[in-house]
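Take this structure, written in structure tokens, and hold onto it; I'll ask about it next.
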Amino acid sequence: MTPAITNTRILSSPTTTTTTTTTEDIEKTDPSIERVDIEHVYVSDDPRKWSRGRKTSILCIIFSATIAVGFGSNSFNPAIKQIETDLRATSSQISLIQAMFVVFQGTIPLLWMAVSEIKGRKVVYVLSLAISLIGCIVAAEAKSIGVLTAMRVVQATGSGSVIAIGAATLADIYEPSERGTMMGIFYAAPLLGPSLGPLIGGVLTHAFNWRATFWFLAAILGADLILFIFFFHDTFRCERSLTYQSVLARRATSGTTTTTGNENERGHRHRNKGRQKENEPVQIVLSLVDVNPFPPLLLVLKLWNNIAMLFSSGFLFAFTYCLTYTCSRTLANNYNYDALKTGLVLLSYGIGSILGSVLGGRWSDRELRRLTNANGGRHSAEMRLESTKLAMPFLPLAAVAYAWLAQEHCHIASLCVAIFFAGFFSIWIFSSILAYIVDANPGRSSAAVATNSCFRGVAAFMFTEVAVPMQDSMGDGGLYSFWAGLIVLCELLILLVRWRGQKWREIAQEGERA
């Protein structure tokens, strides 16, 4: 039961607007009482009502940044052999670099998410891109494998925010009926990086050396940083954030206040002790002190539907990350391909992924509209998962096909076809999962997407660490037959959420209200 609060003035940082909040308002913004659709609470300068041109400009800026993030993930894969020679590194050390990069890129967004829910999206984009830019510049001058590893961690620490916060930004400006298409377009950007990254990285390595890939990435990140500083309009509105409102309500009920001048909090309370009238407004300004990623993380993990989808998302991402990494080794060791040829082969995976993301997102919206109309205009987030059924039979088959084509050293054209379809069907499913995670967590979209990034990062870290030993001991045939089995389990989890997810969410909501 929320304690009674009357006439509490809320200074809604970072928007600097002042509102008056009553007990009823606090109850409405309490995350345990979902009496209103928080996604459609009235806000000034509503991002959902911006012009199409303004929304498109936001999408393009985020798209550009996520391309850079995707490029940074895979661009130096074709240069693995050259890095090993130049820095006197082993395959295990290179695997560690990849693993550390992906785990930090996946887990650090939990912190960036928490900051974005208190201080807004723009400050996170600017800070994180600046950090990633510094990591790239130092990595380009690295003289030892230890320095390169550390700078890849710094690079991942910054770049990890873009995908997680980017999905939340799209949720800020687009209605649920549009999100499938927009998420598909958005997620094509980080896939465009991995598709073009190996090719551009291969060209740069072939023409110059592996360091050129980091200088190229630094130039892209620098340009993106300028775009965010001067042209990005913040889409965050604290009234629509359950994380912000829950912290605000907790501060208000505890009577904690924060001042904005040189006065500290304790001094402010001491001077007002005994003379503050009963109805005198209390100023509450949330700051970085209030940043705590764990409460929203735990709220996301309380729902069984979220847990099932997070595991599915994590393993599917680990599959695609493992595929591109081990494929580079296979092409170098078994086909004697140099960096440029490796990049050209991996381009087929990237093209398949981009097509799967865009077409899968549009199909997701189509299925949502169809099922909503069939249900009398009422819809649930789980309806979006209907679109994944079309791709489910084909993804395990693509994994098995690649497994034994690579194992038997078949013609390179057959490998290109196999990894094209592996990319196409995996991202077709993944784009719908990402849109579902946003739709199923209204008011917590950034927390849900950041948690998803964490699961993806941890899963990719684990499988990157074991990929080379498994490939050496089982061959590509055994490794990707194993992956086909895991993919089937992921698909079963998705079907389970399609069947029971709405019921699980309703039970969880009733439990919170009770």
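The values are calculated or read from the model by the stated rules, or taken from the named source; none is laboratory data. Given the structure is predicted, the values throughout are model-derived calculations rather than measurements. Positions of Cβ are generated from backbone atoms using ideal geometry, with glycine treated the same way; all protein chains shown enter the neighbour counts. Accessible surface is based on the protein model in full, side chains and every heavy atom, while ligands, DNA and RNA are left aside. Shrake-Rupley method; radii C 1.70, N 1.55, O 1.52, S 1.80 Å.
The conditions are (1) assigned to a helix (DSSP H, G or I); (2) under 28 Å from residue 88 (Cβ atoms), and residue 163 fails exactly one of them. Which is it?
Residue 163 satisfies every listed condition except (2).
If you take the residues of region 95-142 that are among the β-branched types (Val, Ile, Thr) and under 15 Å from residue 166 (Cα atoms), which of them is modelled with the highest pLDDT?
In the first step, residues of region 95-142 are kept if they are among the β-branched types (Val, Ile, Thr); the result is 97, 102-103, 107-108, 115, 118, 123-124, 126, 131, 134, 137-138.
Add one more test, that the residue is under 15 Å from residue 166 (Cα atoms), and what stays is 108, 115, 123-124, 126.
Numbers: 108: 83, 115: 85, 123: 90, 124: 90, 126: 93.
That would be 126.
Has region 451-473 got at least one residue that is outside any helix (DSSP H, G or I) and farther than 18 Å from residue 324 by Cβ? Steps first, please.
Keep residues of region 451-473 that are outside any helix (DSSP H, G or I), which gives none.
No, region 451-473 contains no residue that is outside any helix (DSSP H, G or I) and farther than 18 Å from residue 324 by Cβ.
Of all residues in region 136-193, which are surrounded by 24 or more Cβ atoms within 10 Å (Cβ to Cβ) and polar (S, T, N, Q)?
Matches in region 136-193: 155, 159, 161, 169.
Determine whether residue 474 is in contact with a Leu (Cβ under 8 Å, 6 or more places away or on another chain) and free of Cβ contacts under 8 Å to residues at least 24 places away in the same chain. Outline the logic, then answer.
Working: in contact with a Leu (Cβ under 8 Å, 6 or more places away or on another chain): no; free of Cβ contacts under 8 Å to residues at least 24 places away in the same chain: yes.
No, not satisfied.
Go through region 374-422 and give me each residue that's assigned to a helix (DSSP H, G or I) and closer than 23 Å to residue 500 by Cα.
Of region 374-422, the ones assigned to a helix (DSSP H, G or I) are 374, 381-390, 394-407, 412-422.
Selection gives 374, 381, 382, 383, 384, 385, 386, 387, 388, 389, 390.
Listed here are the residues, each with its yes/no results for (1) of a type in the set (A, V, I, L, M, F, W, C); (2) over 13 Å from residue 309 (Cα atoms).
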position: 420; (1), (2): yes, yes
position: 428; (1), (2): yes, yes
position: 435; (1), (2): yes, no
position: 438; (1), (2): yes, no
position: 453; (1), (2): no, no
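Can I ask one more? In region 365-390, which residue that is more than 18 Å from residue 305 (Cα to Cα) and of a type in the set (S, T, N, Q) is surrounded by the most Cβ atoms within 10 Å (Cβ to Cβ)?
372
When the residues of region 108-146 are narrowed to those that are in a loop (DSSP other than H, G, I, E, B) and not hydrophobic (A, V, I, L, M, F, W, C), which ends up nearest to residue 214 (Cα to Cα)?
Per the criteria, the residue is 141.
Taking the condition modelled with pLDDT of 85 or more and of a type in the set (Gly, Ala, Ser), does residue 443 pass?
Numbers: modelled with pLDDT of 85 or more: no; of a type in the set (Gly, Ala, Ser): yes.
No, not satisfied.
For (1) open to solvent by 20 Å² or more (accessible area, probe 1.4 Å); (2) of a type in the set (Phe, Trp, Tyr); (3) touching a Gly at 6+ places or on another chain (Cβ under 7 Å); (4) within 13 Å of residue 156 (Cβ to Cβ), each residue gets a yes or a no:
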{"site": "79", "(1), (2), (3), (4)": "no, no, yes, no"}
{"site": "82", "(1), (2), (3), (4)": "yes, no, no, no"}
{"site": "90", "(1), (2), (3), (4)": "yes, no, no, no"}
{"site": "93", "(1), (2), (3), (4)": "yes, no, no, no"}
{"site": "99", "(1), (2), (3), (4)": "no, no, no, yes"}
{"site": "109", "(1), (2), (3), (4)": "no, no, yes, yes"}
{"site": "118", "(1), (2), (3), (4)": "no, no, no, no"}
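Please determine, by comparing only the residues of region 43-89 that are in contact with a helix residue (DSSP H, G or I) (Cβ under 6 Å, 6 or more places away or on another chain) and aromatic (Phe, Trp, Tyr), which one is farthest from residue 213 (Cα to Cα).
63
Continuing with the same structure: Could you check residue 358 against (1) among the β-branched types (Val, Ile, Thr); (2) under 30 Å from residue 210 (Cβ atoms); (3) out of contact with any Leu (no Cβ under 9 Å at 6 or more places or on another chain) and say which number it fails?
(2)
Name the single residue that is most open to solvent (accessible area, probe 1.4 Å) among those in region 286-301 being modelled with pLDDT under 70 and among the β-branched types (Val, Ile, Thr).
Among those that are modelled with pLDDT under 70 and among the β-branched types (Val, Ile, Thr), it is 289.
Tell me yes or no: at least one residue of region 226-234 is open to solvent by 40 Å² or more (accessible area, probe 1.4 Å), farther than 30 Å from residue 385 by Cα, at pLDDT below 75 and in a helix (DSSP H, G or I).
Within region 226-234, none of the residues are open to solvent by 40 Å² or more (accessible area, probe 1.4 Å), farther than 30 Å from residue 385 by Cα, at pLDDT below 75 and in a helix (DSSP H, G or I).
Of the residues 156, 168, only one is under 17 Å from the mean Cα position of the chain (by Cα) and at pLDDT below 85; which?
Numbers: 156 fails: at pLDDT below 85.
Going through 156, 168 in turn, just one is under 17 Å from the mean Cα position of the chain (by Cα) and at pLDDT below 85: 168.
Please specify each residue of region 474-485 satisfying the condition of being farther than 9 Å from residue 396 by Cβ and surrounded by fewer than 16 Cβ atoms within 10 Å (Cβ to Cβ). Step through it out loud before you land on a result.
In the first step, residues of region 474-485 are kept if they are farther than 9 Å from residue 396 by Cβ; the result is 474-482.
Across region 474-485, the qualifying residues are 474, 478, 482.
A follow-up question, please. Kindly provide the set of residues from region 433-450 that are within 13 Å of the chain's Cα centre (by Cα) and either open to solvent by 10 Å² or more (accessible area, probe 1.4 Å) or of a type in the set (A, V, I, L, M, F, W, C) (or both), ordered by number.
Matches in region 433-450: 433, 434, 435, 437, 438, 445, 447, 448, 449, 450.
May I ask you to list pairs of residues, at least six apart or on different chains, whose Cβ atoms are under 9 Å apart, with the first in region 493-505 being in a helix (DSSP H, G or I) and the second being β-branched (Val, Ile, Thr) and crowded, with 18+ Cβ neighbours inside 10 Å?
Short answer, once both residue conditions are applied: 494/388; 494/429; 494/433; 495/388; 498/388; 504/497.
State whether the residues of region 410-431 include one that is farther than 21 Å from residue 480 by Cα and open to solvent by less than 10 Å² (accessible area, probe 1.4 Å).
Going residue by residue through region 410-431, those that are farther than 21 Å from residue 480 by Cα are 431.
From what's left, open to solvent by less than 10 Å² (accessible area, probe 1.4 Å): 431.
So far as region 410-431 goes, yes, one or more of its residues are farther than 21 Å from residue 480 by Cα and open to solvent by less than 10 Å² (accessible area, probe 1.4 Å).
Does residue 133 qualify as being under 23 Å from residue 459 (Cα atoms) and open to solvent by 10 Å² or more (accessible area, probe 1.4 Å)? Don't jump to the end; show me each part of the working.
On the way: under 23 Å from residue 459 (Cα atoms): no; open to solvent by 10 Å² or more (accessible area, probe 1.4 Å): yes.
Here the answer is no, as residue 133 does not meet what is asked.
Looking only at region 44-77, filter to residues that are part of a helix (DSSP H, G or I) and polar (S, T, N, Q); which one of those is most open to solvent (accessible area, probe 1.4 Å)?
To start, the set of residues in region 44-77 that are part of a helix (DSSP H, G or I) comprises 47-49, 52-74, 77.
Then keep just the ones that are polar (S, T, N, Q); that gives 56-57, 64, 66, 73-74, 77.
On the way: 56: 61, 57: 45, 64: 36, 66: 0, 73: 12, 74: 10, 77: 7 Å².
Residue satisfying both the conditions and the ranking: 56.
Hey, among the residues in region 329-373 that are touching a residue at least 40 places away in the same chain (Cβ under 8 Å) and in a loop (DSSP other than H, G, I, E, B), which one's nearest to the chain's Cα centre (by Cα)?
If we take residues in region 329-373 being touching a residue at least 40 places away in the same chain (Cβ under 8 Å) and in a loop (DSSP other than H, G, I, E, B), then 338 is nearest to the chain's Cα centre (by Cα).
Separate question: Identify all residues within region 451-473 that are crowded, with 23+ Cβ neighbours inside 10 Å, modelled with pLDDT of 80 or more and of a type in the set (Val, Ile, Thr); write none if there are none.
Across region 451-473, the qualifying residue is only 451.
Filtering region 439-471 down to residues that are free of Cβ contacts under 8 Å to residues at least 24 places away in the same chain and of a type in the set (A, V, I, L, M, F, W, C), which residue is farthest from residue 506 (Cα to Cα)? Break it down into steps so the answer makes sense when it comes.
Just the residues of region 439-471 that are free of Cβ contacts under 8 Å to residues at least 24 places away in the same chain, to begin with: 466, 469-470.
After this cut, where a residue has to be of a type in the set (A, V, I, L, M, F, W, C) as well, the list is 466, 470.
Working: 466: 39, 470: 42 Å.
Applying the filter and picking the extreme gives 470.
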